[in-house]
Amino acid sequence: MQSELKSQTLPHRARSLRPHERPERQYERDEAHWTTLEIETPKEASRPLVVDLDGTLIASDLLIETAFSELGRRPQSIVDMLMALSRGKAALKHRLSEPVDFNPGTLPYDPEVLSLIRQARAAGRPVYLASASHQRLVESIADHLGLFTGWFASNETTNLAGHRKAQQLVEAFGERGFDYVGNDAADLPVWEKAAKSIAIRTPAGVRRRLALQCPDAEHLNHARPTWRTWAKMLRVHQYAKNALIFLPLLAAHLFTLEAVTQAILAFVAFSLCASSIYILNDLVDLQDDRGHRSKCKRPLPSGAIPLMHGVMAIPVLFLAALVVGSAVSLSFLGVLLGYFALTTAYSFVLKRMMVVDVITLAGLYSVRVIGGAVATSVAVSEWLIAFSMMIFMSLALIKRYVELAARRDANLPDPTSRDYKNSDLDIVAALAAAAGFNAVTILALYISSDSINELYSRPQLLWLVGPLLMFWIARALMLAGRRIMDDDPVVFALKDKGSLLTVAAAVVLIVAAV
């Protein structure tokens with residue numbers, strides 16, 4: 001039997017069904033559609049199992065996925081999307097129905113639902129996929145899995161959700177003629193018409209309403225997000241990067257209570273803002289991240305946290321960052337808004353531009369340093385900014401090196417979200433080394449300058465910091481070449497004993513030089 005049931009959802013009319021795809025029913029044909037002549041409630045052993053897609057079969061939402069995928073490739077398409085939405089949700093889904101990076105093989109399918117489907121097929125029951133997503137996407141998923149007798153989906157004019165989905169299924173199978181697996185409030189009208197209601201990932205409010213409507217509803221097991229899951233989505237471990245805010249304060253040897261308090265508030269504001277951008281970046285890169293060896297485990301690509309929760313978290317975190325930032329100063333708030341603008345531009349445009357992406361990443365690190373200087377009213381050191389740009393450009397290039405090396409080792413094609421080719425691996429490594437050792441040169445020039453004597457009584461000790469920095473950069477490049485470097489060199493440095501010892505030794509030398 002074919003693994004698909006092609007259909008056209010027609011408004012205010014009966015569903016189009018092919019008789020050879022539904023041999024258990026009798027049909028007659030008029031000029032526009034096929035109409036079921038005989039509707040009878042089948043016994044449980046032969047009753048069709050109908051499965052919802054978004055949030056049920058997959059722990060994701062295809063509308064959100066395709067929207068952010070489109071925005072990531074063409075930010076200006078927001079205008080087209082709003083125009084389509086003005087004609088209805090079905091028109092928007094149709095507009096987004098041909099994403100260039102859509103791969104049904106990487107979607108986060110729910111193992112409990114897949115097990116239920118396979119049990120039904122083993123028992124000889126027909127299984128159908130019924131989704132409010134567009135028919136092109138639904139057909140692609142049905143073809144990929146090869147588990148369905150047929151499918152129901154939205155088209156350009158009809159959004160197959162809620163009461164409309166319930167009506168279509170009743171027309172196809174009869175009231176109480178099918179079992180239904182769903183997950184949210186839009187499925188309540190369908191559960192009401194089903195012989196058996198099966199739910200998964202239902203919100204508390206929907207669960208209560210379903211209990212009143214269908215007391216014998218069955219709830220499938222699923223993993224619920226914990227605070228650790230949320231911390232992973234917010235990238236709390238990445239907050240260590242925001243420690244750069246304290247650098248101007250340390251470089252100027254300013255340790256007053258007021259300055260430290262302002263720096264801590266600035267740290268919190270940057271952390272909240274950064275989390276909002278991390279989530280936005282994850283939403284834009286869902287398809288690419290699912291094909292990555294480690295990024296596929298992140299909460300949004302893996303489906304551990306619903307995409308809508310991620311979407312709602314972005315404005316909440318950003319507004320919280322603005323509130324904290326305004327408590328520091330208006331000038332600092334300006335720096336924070338500039339950081340947000342630059343990171344947003346990176347997420348949607350700049351990260352797809354060769355070399356520009358790593359320069360932007362280095363700039364974002366430097367903006368943290370500038371933010372710390374503004375928050376504590378310390379003059380920004382040109383030496384510190386130059387050093388930051390070079391060392392963090394080196395780290396950004398190492399990050400790209402690790403990504404390209406992983407793709408080449410796995411015989412994967414060139415990345416689609418970056419303007420790099422796998423063959424660029426060697427030149428990226430050379431650029432990383434050049435940027436890193438330029439940072440060492442800037443450090444040496446700073447130690448040789450006259451201004452060093454104003455802050456340090458024994459500046460000669462700082463010359464020993466140079467070899468430590470050279471050792472760390474060379475070691476990081478060697479480890480990346482051996483494929484034992486973390487995807488993010490900064491995160492790697494925070495966990496690597498060799499890196500921590502090197503930093504500790506540098507701190508001891510700097511303190512001794514004061």
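Check whether at least one residue in the range 290-297 is open to solvent by less than 40 Å² (accessible area, probe 1.4 Å), in a helix (DSSP H, G or I), within 15 Å of R235 (Cα to Cα) and modelled with pLDDT of 95 or more, and report yes or no. No, the range 290-297 contains no residue that is open to solvent by less than 40 Å² (accessible area, probe 1.4 Å), in a helix (DSSP H, G or I), within 15 Å of R235 (Cα to Cα) and modelled with pLDDT of 95 or more.
The combined condition, being touching a residue at least 12 places away in the same chain (Cβ under 8 Å), open to solvent by 50 Å² or more (accessible area, probe 1.4 Å), closer than 17 Å to V378 by Cβ and not hydroxyl-bearing (S, T, Y), is fulfilled by F267. Taking the range 376-421 as the range and being of a type in the set (S, T, N, Q), open to solvent by less than 30 Å² (accessible area, probe 1.4 Å) and under 23 Å from the mean Cα position of the chain (by Cα) as the test, only S417 passes. A count restricted to the range 66-93 and to residues that are out of contact with any Phe, Trp or Tyr (no Cβ under 8 Å at 6 or more places or on another chain), open to solvent by less than 50 Å² (accessible area, probe 1.4 Å) and not hydroxyl-bearing (S, T, Y) stands at 10.
Would you please list the contacts, defined by Cβ atoms under 8 Å and residues six or more apart or on different chains, that run from a residue in the range 55-80 that is free of Cβ contacts under 8 Å to residues at least 24 places away in the same chain and over 16 Å from T416 (Cα atoms) to a residue that is in a helix (DSSP H, G or I) and open to solvent by 10 Å² or more (accessible area, probe 1.4 Å)? Partner pairs satisfying both residue conditions: S77/E70; S77/L71; I78/L71; D80/R95.
Picking from residues in the range 175-188 that are in contact with a Ser or Thr (Cβ under 6 Å, 6 or more places away or on another chain) and more than 25 Å from F102 (Cα to Cα), the one that is least open to solvent (accessible area, probe 1.4 Å) is G177. Meeting the requirement of 1 or more residues that are of a type in the set (G, A, S) and open to solvent by less than 40 Å² (accessible area, probe 1.4 Å), the helices (runs of 4 or more DSSP H) wholly within the range 448-510 are 465-481, 489-495. Any residue at all in the range 426-440 that is more than 24 Å from the chain's Cα centre (by Cα) and under 21 Å from D288 (Cα atoms)? Taking every residue of the range 426-440 in turn, at least one turns out to be more than 24 Å from the chain's Cα centre (by Cα) and under 21 Å from D288 (Cα atoms). Taken over the range 298-316, the residue count meeting the criterion of being in a helix (DSSP H, G or I), open to solvent by 30 Å² or more (accessible area, probe 1.4 Å), over 16 Å from R201 (Cα atoms) and in contact (Cβ under 8 Å) with a residue 60 or more places away in the chain is 1. Of the candidates R13, R25, the single residue that is at pLDDT below 50, open to solvent by less than 50 Å² (accessible area, probe 1.4 Å) and in a loop (DSSP other than H, G, I, E, B) is R25. Applying the criterion of at least 2 residues that are without any contact (Cβ under 8 Å) to a residue 40 or more places away in the chain and β-branched (V, I, T) to the helices (runs of 4 or more DSSP H) found wholly in the range 317-432 leaves 356-375. Against the definition (open to solvent by less than 20 Å² (accessible area, probe 1.4 Å) and either of a type in the set (V, I, T) or under 17 Å from I117 (Cβ atoms) (or both)), how does G162 come out, yes or no? So G162 fails the test.
None of A142, A123, A153, A132 is within 15 Å of P48 (Cβ to Cβ) and surrounded by 21 or more Cβ atoms within 10 Å (Cβ to Cβ) except A142.
Annotation: of all residues in the range 328-353 being among the aliphatic types (A, V, I, L, M) and at pLDDT below 90, the one that is farthest from F68 (Cα to Cα) is M353.
Selection of first residues in the range 444-461 that are at pLDDT below 90 and of second residues that are open to solvent by 30 Å² or more (accessible area, probe 1.4 Å) and in a loop (DSSP other than H, G, I, E, B), restricted to Cβ pairs under 8 Å at least 6 apart or on distinct chains, gives the following pairs, ordered by first then second residue: L455/A252; L455/H253; L455/V514; Y456/V514; S457/V514; R458/V514.
Please indicate, with yes or no, whether at least one residue in the range 349-359 is in contact with a Pro (Cβ under 8 Å, 6 or more places away or on another chain) and either under 30 Å from P203 (Cβ atoms) or surrounded by fewer than 20 Cβ atoms within 10 Å (Cβ to Cβ) (or both). Within the range 349-359, one or more residues are in contact with a Pro (Cβ under 8 Å, 6 or more places away or on another chain) and either under 30 Å from P203 (Cβ atoms) or surrounded by fewer than 20 Cβ atoms within 10 Å (Cβ to Cβ) (or both). Given the structure, is R47 among the charged types (D, E, K, R), open to solvent by 10 Å² or more (accessible area, probe 1.4 Å) and in a loop (DSSP other than H, G, I, E, B)? Answer is yes for this residue. From the list P225, P189, P215, the lone residue that is within 22 Å of M308 (Cα to Cα) and at pLDDT below 95 is P225.
One residue stands out in the range 422-446 among those that are hydroxyl-bearing (S, T, Y) and within 23 Å of A474 (Cβ to Cβ): the one that is most open to solvent (accessible area, probe 1.4 Å), namely T441.
With respect to the stated conditions, W472 is out of contact with any Phe, Trp or Tyr (no Cβ under 9 Å at 6 or more places or on another chain), closer than 22 Å to Y239 by Cα and free of Cβ contacts under 8 Å to residues at least 60 places away in the same chain.
Scan the range 218-236 and tell me whether some residue there is over 25 Å from the mean Cα position of the chain (by Cα) and surrounded by 14 or more Cβ atoms within 10 Å (Cβ to Cβ). Yes, because at least one residue in the range 218-236 is over 25 Å from the mean Cα position of the chain (by Cα) and surrounded by 14 or more Cβ atoms within 10 Å (Cβ to Cβ).
One residue is enough: does the range 249-262 have a residue meeting the conditions among the charged types (D, E, K, R) and touching a Ser or Thr at 6+ places or on another chain (Cβ under 9 Å)? The answer is yes; a qualifying residue exists. All of I198, I245 fail the test of being more than 30 Å from V491 (Cβ to Cβ) and open to solvent by less than 60 Å² (accessible area, probe 1.4 Å), apart from I198.
The values are calculated or read from the model by the stated rules, or taken from the named source; none is laboratory data. Given the structure is predicted, the values throughout are model-derived calculations rather than measurements. Here the Cβ is made from the backbone with ideal geometry for all residues, glycine too, and neighbour counts use every protein chain on show. Just so you know, the surface numbers come from the protein's heavy atoms only, side chains and all, with ligands and any DNA or RNA stripped out. Shrake-Rupley method; radii C 1.70, N 1.55, O 1.52, S 1.80 Å.
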